[in-house]
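Here the structure comes first, spelled out in structure tokens, and everything after it is commentary.
Each value in this text was obtained by applying a stated rule to the coordinates, not by laboratory testing. Remember, predicted model here, so these are calculated numbers, not experimental data. Here the Cβ positions follow ideal geometry from the backbone for every residue, glycine too, while neighbour counts run over all protein chains shown.
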């Protein structure tokens with residue numbers, strides 16, 4: 001694992017938020033070929049590897065956004081709905097896997113530089129991990145891009161445009177608040193107030209050993 005300081009990690013997280021914002025516009029011009037990318041590292045230990053995970057996790061949300069839009073079409077037939085549901089489940093699984101890998105990276109990077117706990121002191125944790133916060137940042141970047149599209153649409157009423165602009169301002173504020181909150185959390189780690197931890201989702205619906213609809217059918221029941 002590369003050696004990181006708290007300032008290094010704060011800079012890396014700020015870069016992650018910027019990368020999410022920049023990728024949304026670029027990917028609407030040309031979708032990256034992550035679906036067939038076999039170069040995903042099993043273990044990331046440097047800043048470049050972390051930013052790759054950020055991009056891959058963000059791509060899952062990017063694809064989910066558009067697949068879910070297709071599934072909501074009024075003329076969608078049963079086969080399209082089924083295909084979309086399958087794609088959504090698969091993308092959601094990878095999305096959550098990537099969140100966990102982001103948190104695993106951060107725990108490994110932070111552990112050697114955390115202040116030692118005092119004897120008898122209870123470890124304090126945040127209700128939301130940084131990986132989950134980065135996922136929220138990814139979704140907010142997508143919302144901002146698409147709300148801006150709506151604010152610039154031709155042939156709609158001025159009232160509609162104004163409504164979209166108001167929502168766009170709120171989304172921008174929420175994303176800025178989120179980035180600051182993540183930075184504040186790293187500062188709490190540095191001060192010894194809180195400690196990082198990976199929270200595992202253990203999704204059951206895609207696992208044929210855990211989903212009764214899958215293992216019952218396999219057994220012929």
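Footprinting exposure proxy ranking of 170, 186, fewest other C-beta atoms within 10 angstrom first, gives 170, 186.
Ordering 157, 44 from the fewest to the most neighbouring beta carbons within 10 Å gives 157, 44.
Taking 25 Å as R0, compute the FRET efficiency from the Cβ-Cβ separation of residue 121 and residue 199 and round it to 0.05. Rounded to the nearest 0.05, the efficiency is 0.75.
Extension gain, residue 86 to residue 114, is 5.9 nm, computed as 0.36 nm per intervening residue step minus the present C-alpha separation. Exposure proxy for 105, 145: other Cβ atoms within 10 Å of each Cβ, ordered fewest to most, give 145, 105. From most to least packed by mean Cβ count within 10 Å, the peptides 57-68, 121-132 give 57-68, 121-132. Contact order, relative form, for the chain: 28 percent (alpha carbon pairs under 8 Å, 6 or more residues apart, mean separation divided by residue count).
Extension gain, residue 45 to residue 26: 0.36 nm times the residue separation minus the Cα-Cα distance gives 4.2 nm. Placing dummy labels 7 Å off each Cα toward the beta-carbon, the span from residue 93 to residue 15 is 3.2 nm.
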